[in-house]
Amino acid sequence: MAKIALITGITGQDGAVLARFLLEKGYDVHGLRPYSAVPDEGRLSDISDDIHLHYADMTDTSSLLRLVETYQPDEIYNLAAMSHVHVSFDMPELTANVNALGTLRLLEVLRIMGPQSGMRMYQASSSEMFGHAPAPQNENTSFEPCSPYGTSKLFGYWSVRNYREAYGLHASNGILFNHESPLRGEEFVTRKIIKAVCEIEAGQRDKILLGNLHAKRDWGHARDYMRGAWMMLQQDIPDDYVLATGQARSVKEFVEAAFSYIGRRIDWRGQGVDEKGYDSKTGACLVEVDPALFRPTEVRHLLGDASRAKEILGWEPEISFEQLVEEMMEADRVLPYGQTTKRYAA
Ligand code: GDD
């Protein structure tokens with residue numbers, strides 16, 4: 001009989017990638033459909049007939065309980081979150097309600113179902129929990145979160161560990177470093193850069209405005225990371241694992257990689273808010289800093305050490321940084337008639 005999976009956050013990048021991965025493995029895939037007057041289910045458009053969406057919400061315990069009781073999933077992937085770090089400073093309470101208490105609500109549901117139910121849970125923990133902790137970071141690094149998003153995720157992380165120990169639940173934390181794909185939301189820096197570079201190439205805009213150009217991130221591909229999440233739930237013993245590529249690049253380097261894909265080189269001049277990126281041939285200004293995009297406190301350097309996942313799960317990233325940039329650029333390149341292609345085709 002097909003295994004049953006329940007994905008919270010199925011409408012986001014990771015949910016859409018994981019749903020495809022599980023469908024290919026023959027799972028019966030169910031997902032939460034939070035109510036919204038303007039639903040964004042576009043990432044699921046080509047698999048909408050193959051999955052089951054149900055109205056439920058991370059802020060509504062009885063809706064979660066009803067879903068889990070009705071469909072008895074073998075595996076639950078908790079990917080739902082208010083996932084934008086900058087926005088979390090504007091809506092800290094909502095962030096905590098969804099990310100921290102939402103995880104607790106789901107754990108309570110699993111506790112009610114009991115360990116004998118055999119249900120397994122994956123918790124989308126985040127490298128943002130490391131915050132100011134020096135790089136490289138792994139499972140033994142102490143957490144120093146520096147955003148409401150980071151603190152909310154840390155609550156979820158510790159709740160998973162606590163419920164695992166207290167009630168014998170099969171619940172695992174994946175501490176995932178940044179992971180991207182053509183399905184990434186445009187409010188995150190990689191997709192924002194890729195989309196802007198494609199529009200500049202098509203003559204639809206002149207420049208990109210960015211915040212902190214010097215932050216470093218360990219960017220991998222969402223497909224690799226969702227495969228890793230699944231691998232965690234195939235283990236007999238639940239545990240916590242870092243997934244990362246082990247290579248960090250600055251926002252500036254990501255900008256350079258995206259422009260280089262269309263054959264343009266960037267020369268940087270100026271400092272601080274006056275730092276600008278110029279086309280090395282034409283001298284046109286292509287990148288500027290907008291201080292409104294700075295965060296009140298910022299994680300400067302994330303660089304993950306995923307040796308444990310490699311050793312125990314046998315997980316390694318298969319898609320390189322260059323392939324990631326290429327795939328995102330190809331998906332967003334603007335056609336002559338002004339349409340973007342393959343937006344949801346990853
Ligand atoms: N979003 C955004 N927009 N970020 C910018 C910009 C901009 O215009 N300019 C510079 N940045 C910098 C941010 O300050 C940050 O240092 C870096 O680019 C990456 O920002 P995001 O892409 O927004 O991702 P994030 O690192 O804050 O968080 C993502 O990764 C986490 C894992 O570490 C999100 O996906 C989180 O949900 C995830 O947990």
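Which of the lysines could be linked to Lys276 by a straight reach, that is with a Cα gap under 29 Å, when you skip same-chain ones fewer than 8 residues away?
Correct list for Lys276: Lys192, Lys195, Lys207, Lys216, Lys252.
Relative contact order (percent) for segment 109-267, with alpha-carbon contacts under 8 angstrom and 6 or more residues of separation?
25
Taking amide hydrogens as modeled 1.01 Å from N in the peptide plane, which residues meet the under 5 Å criterion relative to Leu210, leaving out close sequence neighbours?
Answer set, sorted by chain and number: Glu288, Val289, Asp290.
Just by accessible area at a 1.4 angstrom probe, what is the order of Glu128, Glu93, Glu316 from largest to smallest? Numbers along the way, then the final one.
Working: Glu128 15, Glu93 155, Glu316 95 Å².
Heavy-atom accessible area, descending, gives Glu93, Glu316, Glu128.
Give the long-range amide H neighbours of His52: residues separated by 5 or more places, or on another chain, with amide H under 5 Å away, using H modelled in the peptide plane at 1.01 Å from N.
Val29, His30, Gly31
Please state, rounded to one decimal and in Å, the Kirkwood hydrodynamic radius that segment 24-91 gives when every pair of distinct Cα atoms enters the mean of 1/r.
13.9
Checking the a/c ratio against 1.5 first, then a/b against b/c, what shape does the Cα gyration tensor give for segment 265-306?
oblate
Based solely on its DSSP helices, what 222 nm [θ] is calculated for the chain when runs of n ≥ 4 H residues each add -39,500 (n - 2.57) and the sum is averaged over all residues, nearest 500 deg cm²/dmol?
Taken over the chain, the calculation gives -10000 deg cm²/dmol.
Heavy atoms only, 1.4 Å probe, whole protein assembly: order Leu209, Leu169 by accessible area, highest first.
Details: Leu209 75, Leu169 10 Å².
Ranking Leu209, Leu169 by accessible area, largest first, yields Leu209, Leu169.
Along the charge dipole of the chain, which of Trp158, Ser117, Leu302 sits closest to the positive end, that is, farthest toward it, with unit charges on the beta carbon of Lys, Arg, Asp and Glu (+1, +1, -1, -1)?
Leu302
Could you tell me which residue out of Ser48, Thr70, Met91 lies farthest along the dipole of segment 1-105 toward its positive end? Charges go on the beta carbon: Lys and Arg +1, Asp and Glu -1, centred on the Cα centre.
Checked the options; the winner is Thr70.
Let me cross-check Ser142: its accessible surface, 1.4 Å probe, with only protein heavy atoms counted, in Å² to the nearest 10?
80
What do you get for trypsin sites (Lys or Arg not before Pro) in segment 237-321 restricted to DSSP loop and a cutoff of at most 12 other Cβ within 10 Å of the site's Cβ? Display every interim value, and only then the final one.
Details: sites: Arg249, Lys252, Arg264, Arg265, Arg269, Lys276, Lys281, Arg300, Arg308, Lys310; in loops: Arg264, Arg265, Lys281, Arg300.
Sparse-neighbourhood loop trypsin sites (Lys or Arg not before Pro): Arg265, Lys281.
Project the alpha carbons of segment 1-115 onto their principal axes and report the range along each, largest first, in whole Å.
44, 35, 22
Could I get the Rg over Rh figure for the chain? Both from C-alpha atoms, Rh via Kirkwood, rounded to two places.
Reported Rg/Rh, Kirkwood definition of Rh: 0.97.
What distance in nm lies between label points placed 7 Å from Cα along the C-beta direction at Leu209 and Ala284?
Spacing of the two 7 Å Cα→Cβ label points: 1.9 nm.
Amide H to amide H under 5 Å from Ile76: which residues, 5+ apart in sequence or cross-chain, H placed 1.01 Å off N in plane?
Here Leu6, Arg120, Met121, Tyr122 satisfy the definition.
Among the complete DSSP H segments of the chain, which ones combine at least 30 Å of alpha-carbon extent along their axis with a mean Kyte-Doolittle hydropathy of -1.0 or more?
What comes out of the filter, once short or polar helices are dropped, is none.
When the accessible area of the chain is split by element with a 1.4 Å probe, what percent falls to carbon and sulfur?
The nonpolar share, carbon plus sulfur, comes to 48 percent.
The values are calculated or read from the model by the stated rules, or taken from the named source; none is laboratory data. Just so you know, these numbers come straight off a predicted model, no measurement behind them. So basically every Cβ, Gly included, is an ideal-geometry build from the backbone, and we count neighbours across all protein chains shown. Protein only, heavy atoms only, side chains kept; ligands, DNA and RNA dropped before computing areas. Shrake-Rupley method; radii C 1.70, N 1.55, O 1.52, S 1.80 Å.
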